[in-house]
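So the structure is just underneath, and the comments pick up after that.
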Amino acid sequence: MKVYLVGGAVRDRLLGQPVGDRDWVVVGATAEAMLEQGYRPVGKDFPVFLHPDTGEEYALARTERKIGPGYHGFEFHAAPDVTLEQDLERRDLTINAMAEDGQGEIVDPFGGQEDLAARRLRHVSAAFREDPVRILRVARFAARFVPLGFSVAPETLALMREMVEAGEADHLVPERVWAELARACAEPSPESFVEVLRECGALERILPEVDILFGVPQSPQWHPEIDTGAHLLLALAAAARAGEDAETVFAVLMHDLGKGVTPKDVLPRHIGHEARGVPLVRNVCKRLGIPNAWRDLAVAVTREHLNVHRAFELKPATVIRLLTAVDAWRRPERFERFLAACRADARGRAGNENAAYEQVDYLAAVRAEAAPVRVDTDGLSGPEIGAAIEKARIAVAQAVKERFLAKKKN
């Protein structure tokens, strides 16, 4: 029985990156032997065990054979005679198909170290084509490693394209799509996830509402980049550059879906795209099983982002109604995400990447100063109390606006 550290932990250590979860492969053992040593079984499809002390995952070396379409169409074989090389060969990318023994020696039968040096995301073998989830994983690894200079190997991209054309991407289950998308939104380059999926044709199958944005023109007065898809990529990059969380990045990804269904005879104008986008966002979230909190933020950003951009033009009463509409009084943390997504949208324009965006500070100040407002409720009924609070908040918004405008003049 031999134990090897495998996968991401080996890759990240060689890259000088922080090492997260550690996964192990056990060669020459049986499930019975693992149980006798106190390991706890957790795998449903193949033998995976939790270490009795560390809780880390230990999997028996295994091979796999494609017997049906999609992610679940595999037959696994785990036995003491399965070699480490056979186990590594079934993995997706060469940089994930390395192992390290107890003495720190690297086992690298497929050139993972060479691809690390070349900054290349390359598939291990033709078996890559058997699992459509690998299309998503390659796109997600691009989102993580493109800032380090990585790119997808041309032969891997061609193989992914062949898989899409063969219909493999159509077998992706919503849960796996969402799991990879959510992780991609937390990576340093979420726009690369979109770009890779689009290059191989998978974006059209997975997120057609996003794919259709590419090639849709916008007014050069507001968007020098013109193409709506190009704007989306810039906005995603702006959100990641600002360190926004995955929930905020997802809202940015969704915010302009309405532009994809703008009638062609009115292009490049997109009047009313905010309202047109809301049902599209809801449809995406329903189809992929996206959490309600993520959906609600994305809907709020889609519906109201233009109002945030125009914040200084809005009457104080309209500003208060905007804050009420996005539930800013009760959910200050979500309101911060909402404003951050709108800021990323504003900076997602060619030449505008680092522009000031005082709307965030203005609306945040209105919320901070108007939220604690209290009124004398003596003799007032329920609706009257609400109206009195709103009136007091409008007065606060007016004062904040005057302060900000005076500061801008100076």
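Derivation of every value follows stated rules applied to the coordinates shown; laboratory data play no part. Treat the numbers as computed from the prediction; the structure is a model and nothing was measured. All Cβ positions, even for glycine, are placed from backbone atoms using ideal geometry, and neighbour counts span all protein chains on display.
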I need D108, D227, D21 ordered by Cβ neighbour count within 10 Å, fewest first.
D21, D227, D108
Using alpha carbon centroids, what distance separates the range 316-354 and the range 169-210, in Å?
25
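Near G55, within a Cβ-to-Cβ distance under 11 Å, what is the net charge of the other residues, with Lys and Arg +1 and Asp and Glu -1? Could you put the intermediate results ahead of the total?
Details: positive: R22, R40; negative: D21, D53, E56, E57.
Computed value for this residue: -2.
Want the number for V19 to M1: 0.36 nm per residue separation, take away the alpha-carbon distance, what's left? Mind showing how you got there, number by number?
Details: separation 18, 0.36 × 18 = 6.48 nm, distance 2.51 nm.
Extra length available between V19 and M1 comes to 4.0 nm.
How fast does the range 125-167 diffuse by Stokes-Einstein, in µm²/s, taking the Kirkwood radius from C-alpha pairs at 37 °C and 0.692 mPa s? Spell out each step's value before the answer.
Working: Rh = 10.8 Å.
Translational D for this selection: 304 µm²/s.
Would you order E402, E244, E85 from fewest to most other beta-carbon atoms within 10 Å of each residue's own beta-carbon?
On the way: E402 11, E244 24, E85 14.
Lowest to highest Cβ neighbour count: E402, E85, E244.
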May I ask for the angle, rounded to the nearest 10°, between helix 273-288 and the longest principal axis of the chain, with both axes built from Cα atoms and the value confined to 0 to 90°?
30
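Going by a ≥ b ≥ c, the root eigenvalues of the Cα gyration tensor, does the range 259-328 fall in the rounded group (a/c under 1.5), the prolate group (a/b larger than b/c) or the oblate group?
oblate
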In angstroms, what radius of gyration and Dmax does the range 253-410 have, counting Cα atoms only?
17.4, 57
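Can you check what the net charge comes to around G28, using other residues whose Cβ is under 10 Å from the Cβ of G28 (Lys, Arg +1; Asp, Glu -1)?
Numbers: positive: K2; negative: D81.
Net charge around G28: 0.
For the range 1-118, what is the convex hull volume of its Cα atoms per residue in Å³? Before the final figure, lay out each step's value.
Values: hull volume 13.7 nm³, N = 118.
About 116 Å³ per residue, rounded to a whole number.
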Test of understanding: express the Cα radius of gyration of the range 51-169 as a ratio to 2.2 N^0.38 Å, with N the residue count.
1.13
Entries of K259/K391; K315/K409; K259/K286; K286/K315 with Cα pairs more than 25 Å apart
K259/K391; K286/K315
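Rounded if a/c is under 1.5, else prolate if a/b beats b/c, else oblate: with a ≥ b ≥ c from the C-alpha gyration tensor eigenvalues square-rooted, which is the range 78-141?
Numbers: a/c = 2.31, a/b = 1.19, b/c = 1.93.
The shape class here is oblate.
Rounded if a/c is under 1.5, else prolate if a/b is larger than b/c, else oblate: which is the range 125-229, with a ≥ b ≥ c the root eigenvalues of its Cα gyration tensor? Write out the running numbers ahead of the final one.
Details: a/c = 1.80, a/b = 1.53, b/c = 1.18.
It comes out prolate by the Cα gyration axes.
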Can you give the angle from 0 to 90° between the axis of helix 332-347 and the longest principal axis of the chain, with both taken from C-alpha atoms, to the nearest 10?
90
Output the 0 to 90 degree angle, nearest 10, between the alpha-carbon long axis of helix 358-370 and the longest principal axis computed from the alpha carbons of the chain.
70
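Would you mind working out the magnitude of the charge dipole of the range 119-206 relative to its Cα centre, with +1 at each Lys and Arg C-beta and -1 at each Asp and Glu C-beta, to the nearest 20 Debye?
Working: 13 positive and 14 negative charges, 80 e Å.
So the dipole magnitude of the range 119-206 works out to roughly 380 debye.
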Please compute P(r) over all alpha-carbon pairs of the chain, binned at 20 Å starting from zero, and give each bin as a whole-number percent.
23, 46, 24, 6, 0
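Once you have the Kirkwood Rh of the range 1-65 from its Cα pairs, apply Stokes-Einstein at 4 °C and 1.567 mPa s and quote D in µm²/s. Present the calculation step by step, with values, prior to reporting the outcome.
Working: Rh = 12.5 Å.
D = 104 µm²/s.
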Provide E32, E274 in ascending order of the number of other Cβ atoms located within 10 Å of each residue's Cβ, fewest first.
E32, E274
